[in-house]
Amino acid sequence: MLLALFSCELEEEVLQKNNYRENIKIRNSTFDALLNEQHFVNAISKLSKSKPAQSKTVMEAEYGFTILPDQVKVLEHKGKTFYTFQIKREVQNPDYFENLVIDTDSIGQTDAYLFKYLPTEPLAPSEEHDSFHFKGAVHITPITYNIAIAEKELHCVTATVMMCDQSWSGSGSTTPHVATQYCNNPNHLTEVTTTTCDMTAGGGSMGAGAGGWFGANQGSQGSDPGGGHAGAGNGSGTAPGSNTNPPVLTAPVFDLDQITKCKTISKQMAKFPGLKQSLIDLAATTSDSHENGIFIDKSATAETPDPVQTVPVGSGGTIKINLNPPQKYVMLAHTHDASGPKGEGTFSIFSSDDMATISNLIQKGKIDTDNFVFYVFTADGTRYAMTINCASCLEAFCYPCGENLAIGTVLDMSRMLQISDLIEKIYNKTDGIHTQSNPEDDIKTFLKFIEKANLGISLFEVDATFTNFEKLEYDSKRSKVIKTPCSN
Amino acid sequence: MTLKGQKLLKHLVQTKNIHIMKKILYLFLLMFITTFSYSQQEKIEEIRQYYNPNFNTSPFYIYYYKDINNYFTPFIGTWIYQNGNQTFVMLFWKETKIGYPDTNPKYYVDELRGHYKLVQNYGQPNEQLIYTSQKNVGNSITSWPTIVMSNQPTEPYKMTGTIFDVAGVLNPSYPTGVRGELEMIINPANPNTAQWEVTLPMGMRGLDQPSTFTIPTNITLTKVNQ
């Protein structure tokens with residue numbers, strides 16, 4: 001009898017969960033498209049205290065972020081609408097990404113929160129589902145304005161983060177990933193409830209609370225959270241005090257191109273239609289007895305008649321880059337010629353000096369790191385492109401580097417020796433990259449170099465037509481290079 | 001059972017619990033000491049492994065990459081190249097078990113270190129120094145511990161590595177001078193002579209970056225003492 005009653009309760013709970021999930025609507029949008037929706041315009045106007053059409057809202061200025069407008073997730077549930085945007089700061093911290101969540105109800109009451117997601121494992125894309133896997137912690141900060149110190153109070157925010165374990169094809173993975181509009185089966189939607197408590201003030205969080213933690217395979221399948229509770233299961237944070245507000249509903253938004261960087265290349269190709277032919281022409285010069293190079297700087301627009309400029313060749317047959325150009329570089333391409341420094345051939349991939357020069361340019365603020373693409377074409381018939389994922393990582397590589405040491409400076413000689421050792425390990429030694437090494441082995445060695453030197457870059461192989469790009473990654477467990485075609 | 005008996009039983013149970021807890025504590029302490037000792041264990045590897053990008057290290061060991069095969073020995077000593085009354089002098093010495101405690105995992109390595117100088121009237125009472133690598137790096141107060149780096153020989157009679165040419169006029173923006181790739185090969189038939197070659201590494205450079213060597217780049221060195 002008791003068992004029967006318990007079963008009924010469980011069944012009712014399952015029905016409630018399904019009912020809750022069925023009532024959630026997820027759709028994708030853009031900031032510009034949302035400006036045509038009065039409900040959103042009202043919400044953002046209340047928060048930003050300025051007209052939404054202005055280039056930057058007061059909210060962004062006060063909290064020091066910029067909304068990325070291209071991708072917005074809109075979640076609707078029981079008359080409430082939750083808009084989730086990815087935001088960006090002037091100095092990006094590679095350890096986390098942030099979202100702005102705007103929560104508005106049918107009578108126009110609006111709140112906004114900053115969600116800081118701290119991955120404990122590298123973010124992995126699941127591109128077919130336009131999603132990604134996330135495992136880590138989340139910290140929520142309510143957006144508030146001009147609260148006097150005396151008015152600060154402990155404020156707890158509970159959020160429900162939507163995940164999905166739906167397979168998108170017969171052979172697709174069912175590993176939980178962040179919910180998107182494609183997760184259309186409520187049986188596969190899972191909620192992770194998390195709570196953060198903070199002393200709220202005008203400048204943001206005072207750090208009194210604790211962030212919640214959740215992972216792709218740790219999501220608690222909570223019941224209808226309409227009543228507002230302090231979190232459940234593995235997703236809960238520590239929540240002193242009670243919270244009577246209903247949870248904020250969201251699904252993380254993260255531009256996958258920050259992982260894949262494929263779009264960085266394709267966008268640049270699309271912006272400069274003549275670039276492809278310039279790269280093809282440059283790649284045809286690898287039989288010269290010296291290196292050749294071209295570049296585009298930030299002054300070039302899509303309308304610039306000839307945005308591609310030539311890099312001068314210096315002594316020893318290597319090209320010499322202006323390290324103090326008037327504009328930041330957005331593209332650099334160069335060849336490794338057949339002769340090489342000793343007339344014995346070439347490196348089939350980027351050299352350590354190539355990396356050091358890019359590092360030096362970042363230190364000088366002369367690279368548009370978000371949009372930068374760097375190419376090398378070699379006499380071995382290889383063609384590679386690289387993009388920057390972590391500017392501060394690559395910036396740290398060159399040491400001491402093109403800097404005027406002040407009198408009395410103390411150098412970190414140990415660091416200098418270690419960088420030198422790592423370069424020697426990767427290049428020149430018998431098992432490393434050298435003029436006679438196998439290009440396929442060189443890819444593997446260079447990918448190890450990226451990891452060991454923490455260069456923070458993505459590497460791509462380019463085909464002869466400069467139409468197809470494959471992202472190259474090293475699977476250390478299987479000691480194998482994984483080549484993933486860029487789909488765009 | 002009387003109240004006294006109950007108290008005694010309670011006391012016995014508490015005492016027993018304390019004993020069990022103590023045993024658990026000792027067990028944990030033993031496990032901790034064992035693990036700690038294990039994690040501190042030193043493992044000697046042949047120096048070739050230090051430069052092997054495919055060599056996988058274990059976080060449980062402190063590695064010591066040692067010159068087990070004495071590849072360093074033929075290089076140690078003073079080598080000279082004479083051109084008129086000027087002599088290029090290269091001195092190599094061995095330092096053992098240099099520690100790098102900030103790395104993960106920590107390691108030690110044997111290093112063949114070196115410094116060069118150019119003198120006039122070498123070995124004469126009127127010997128005059130033209131340049132030397134035994135100085136500070138640029139305007140810093142850090143001296144060069146060695147002017148050759150990553151040059152540990154990993155095969156008989158052959159050494160490759162990095163050398164810094166700091167003999168030219170200092171460009172303050174480039175405190176390490178011109179970085180070169182050094183290859184020194186000892187003639188096995190006459191181990192007192194060696195071919196010395198310095199080349200510019202392949203790669204892109206800055207427009208104002210120095211790339212011309214002042215030190216000799218292609219010479220035959222003669223060993224004058226051990």
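Annotations for the structure displayed:
- Peptide-level mean, for B:139-152, of C-beta atoms on other protein chains within 10 Å: 5
- Extension reserve of the residue A:91-residue A:465 stretch, reckoned as 0.36 nm per residue once the Cα distance is removed: 131.0 nm
- Reachable aspartates and glutamates from residue A:80, criterion Cα separation under 13 angstrom, eight or more residues apart if same chain: A:103, A:105, A:111
- Compared with the direct C-alpha span, the chain from residue A:480 to residue A:454 gains 7.4 nm at full extension, assuming 0.36 nm per residue.
- Separation of alpha-carbon centers, the stretch A:78-127 and the stretch A:378-438, rounded to whole Å: 36
- Order by protection proxy (mean Cβ within 10 Å, highest first), peptides A:92-98, A:78-84, B:187-193: A:78-84, A:92-98, B:187-193
- Under 5 Å, built H, 5+ apart or other chain: amide partners of residue A:137: A:118, A:120, A:214
- Packing-based order for A:460-466, A:442-448, using average beta carbon neighbours within 10 Å, highest first: A:442-448, A:460-466
- Greater than 21 Å apart at Cα, pairs in A:429/A:452; A:267/A:328; A:425/B:106; A:429/A:471; A:276/A:452: A:429/A:471; A:276/A:452
- Taking a Cβ cut-off of under 13 Å around residue B:142, the surrounding Lys, Arg, Asp and Glu residues balance to a net charge of +1, with basic ones at +1 and acidic ones at -1.
- Amide proton proximity set for residue B:207, modelled H, under 5 Å, gap of 5+: A:321, A:322, A:323
- Share of pairwise Cα separations in the stretch A:261-485, more than 34 Å, in percent: 10
- Among A:65-77, B:213-225, sorting by the average number of other beta carbon atoms lying within 10 angstrom of each residue, highest first, gives A:65-77, B:213-225.
- Using the Cβ-Cβ distance between residue B:190 and residue A:121 with R0 = 41 Å, the FRET efficiency computed as 1/(1 + (r/R0)^6) comes to roughly 0.10.
- Between residue B:97 and residue A:267, the simple spin-label model (points 7 angstrom out along Cα→Cβ) gives 5.5 nm.
- For residue A:248, nonlocal amide neighbours, meaning residues 5 or more places apart or on other chains whose placed amide H falls under 5 Å from its own, are A:158, A:159, A:160.
- Note on residue B:208 and residue B:106: their simple-model spin labels are 4.3 nm apart, each label 7 Å out from Cα toward Cβ.
- For the stretch B:46-170, the C-alpha radius of gyration sits at 1.25 times the compact-globule guess of 2.2 N^0.38 Å, with N the residue count.
- Cut-off 16 Å (backbone N to label point 7 Å along Cα→Cβ of residue A:288), residues of the stretch B:182-221: B:203-205
- Within 10 Å of each Cβ in B:51-58, the average number of Cβ atoms from other chains: 5
Read-outs: derived from the displayed coordinates by stated rules, not from any lab. Every value quoted in this text rests on a predicted model; they were computed, and no experiment measured them. With ideal geometry, Cβ positions are generated from the backbone for all residues, glycine too; neighbour counts draw on all protein chains shown.
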